[in-house]
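Peer 1: Before anything else, here's the structure in question.
Just so it is clear, none of the values below were taken in a lab; they were calculated from the coordinates. Only a predicted model underlies this, so the values are computations on that prediction, with no experimental measurement involved. No Cβ is skipped: glycine too gets one built from the backbone with ideal geometry, and neighbour counts run over all protein chains shown.
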């Protein structure tokens with residue numbers, strides 16, 4: 001071992017002892033500069049390499065690299081220990097107040113879906129589900145929707161390259177159930193739907209619906225009214241009434257739209273209901289015989305009713321929300337209220 005190698009080894013031993021005794025990060029940094037800095041001990045010792053015979057230089061370089069690596073590792077480990085000790089000291093500060101962990105809340109849309117499903121279950125309905133990516137038969141053809149109907153246009157519906165589409169309502173679930181089950185059928189189908197709407201205070205491109213279907217012998221329109229009135233009372237209170245208005249849908253005949261009396265003014269008229277006393281909910285009607293023929297049911301033997309409503313619409317009415325976009329912006333200040 002040459003004299004220079006011995007000097008490097010001695011510097012390593014002394015450096016490790018200093019590092020071990022260091023008590024804070026500033027002291028560790030001073031040791032690093034004194035040992036490994038541009039004018040540090042190791043650097044100054046290495047200036048003598050040029051005066052050594054060529055055959056001794058490789059050994060000196062190897063020793064220097066080992067010494068630097070060991071010192072660097074020791075410095076890093078010491079800083080890690082010091083940082084850990086400092087964190088441990090602050091973590092057990094008994095004078096600090098306790099920290100409460102925030103508890104998540106169910107989204108208002110989930111609240112309404114769960115409550116609506118529970119209400120219909122108590123009336124004998126079972127939940128059915130289906131794919132969100134549909135074909136034209138289940139989304140339009142089987143529901144008696146003409147080929148030139150505006151809802152089938154690309155301005156209204158999201159089509160995929162293979163001809164399938166994002167379902168525009170949950171009615172395809174009803175068709176799939178009718179294809180695979182004989183009457184009686186009594187289902188509700190909650191789920192996400194998609195339409196090419198321009199987002200505003202009351203519209204969005206993706207939304208949720210819950211649709212209901214009851215098919216059996218001798219099903220009447222009065223039963224539909226009773227179901228919707230019961231739902232309105234369960235969801236919004238016993239003072240709510242239901243009003244039916246004539247309408248047209250390709251898949252029901254007769255068709256109707258229904259309104260709930262305004263929960264804000266009790267039907268007396270206010271800004272929320274535009275002084276009418278009523279709030280529009282959605283559509284319903286008796287299942288068109290053409291739909292039964294598409295799924296192999298005998299329209300002479302069976303009748304049925306169907307209804308649907310938007311979950312976001314129900315949530316806005318229930319909680320007094322004036323802009324549907326608030327339900328999708330994920331603002332914690334808004335969501336924490338529910």
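Peer 1: To the nearest Å, what is the center-to-center distance of the stretch 245-267 and the stretch 13-62, using C-alpha atoms only?
Peer 2: If we compute the Cα centre of each part, the gap is 87 Å.
Peer 1: Within 10 Å, count the other beta carbons around each residue, average over each peptide in 325-334, 70-79, and list them highest first.
Peer 2: 70-79, 325-334
Peer 1: Now for a separate question. Between 0 and 90 degrees, rounded to the nearest ten: what's the tilt of helix 3-21 against the longest Cα principal axis of the chain?
Peer 2: Here the helix axis deviates by roughly 50 degrees.
Peer 1: Give me the Kirkwood hydrodynamic radius of the stretch 146-189 in Å, from all C-alpha pairs, to one decimal place?
Peer 2: Hydrodynamic radius (Kirkwood, Cα pairs) of the stretch 146-189 is 12.4 Å.
Peer 1: In addition: Between residue 206 and residue 233, what's the calculated FRET efficiency when r is the beta-carbon distance and R0 is 25 Å? Round to 0.05.
Peer 2: Result of the calculation: an efficiency of 0.25.
Peer 1: Further, regarding this structure: Report the label-to-label distance for residue 181 and residue 223 in nanometres (one decimal), using points 7 Å from each Cα along the Cα→Cβ vector.
Peer 2: Modelled inter-label distance: 1.4 nm.
Peer 1: So what is the relative contact order for the stretch 1-140, in percent, with contacts set as C-alpha pairs under 8 Å and at least six apart?
Peer 2: Result for the stretch 1-140 is 25 percent.
Peer 1: Quick check: the angle from helix 171-180's long axis to the longest principal axis of the chain, C-alpha only, nearest 10 degrees?
Peer 2: 80 degrees
Peer 1: Could you sort 185-194, 58-67 so that the peptide with the highest average Cβ count within 10 Å comes first and the rest follow in order?
Peer 2: Working: 185-194: 20.1, 58-67: 14.9.
Highest mean packing first, the order is 185-194, 58-67.
Peer 1: Tell me the Kirkwood hydrodynamic radius of the stretch 3-91 in angstroms, computed as one over the mean inverse distance between distinct C-alpha pairs.
Peer 2: For the stretch 3-91, the Kirkwood estimate is 14.0 Å.
Peer 1: Across every pair of different alpha-carbon atoms, what Kirkwood hydrodynamic radius in Å does the stretch 108-335 reach?
Peer 2: Final number for the Kirkwood radius of the stretch 108-335 is 18.3 Å.
Peer 1: When ranked by the protection proxy of mean other Cβ atoms within 10 Å per residue, highest first, what sequence do the peptides 96-103, 263-270, 173-180, 198-205 form?
Peer 2: 173-180, 263-270, 198-205, 96-103
Peer 1: With r as the distance between the Cβ atoms of residue 118 and residue 216 and R0 = 30 Å, compute the FRET efficiency 1/(1 + (r/R0)^6) and round to 0.05.
Peer 2: 0.85
Peer 1: With no solvent and one point on each alpha carbon, what is the Debye value of log10 I(q)/I(0) for the stretch 260-338 at q = 0.14, 0.24, 0.26 Å⁻¹?
Peer 2: Calculated log10 I(q)/I(0) at the listed q: -0.67, -1.08, -1.17.
Peer 1: Taking other Cβ within 10 Å of each residue's Cβ, how do 19, 210, 133 sort, fewest first?
Peer 2: 133, 19, 210
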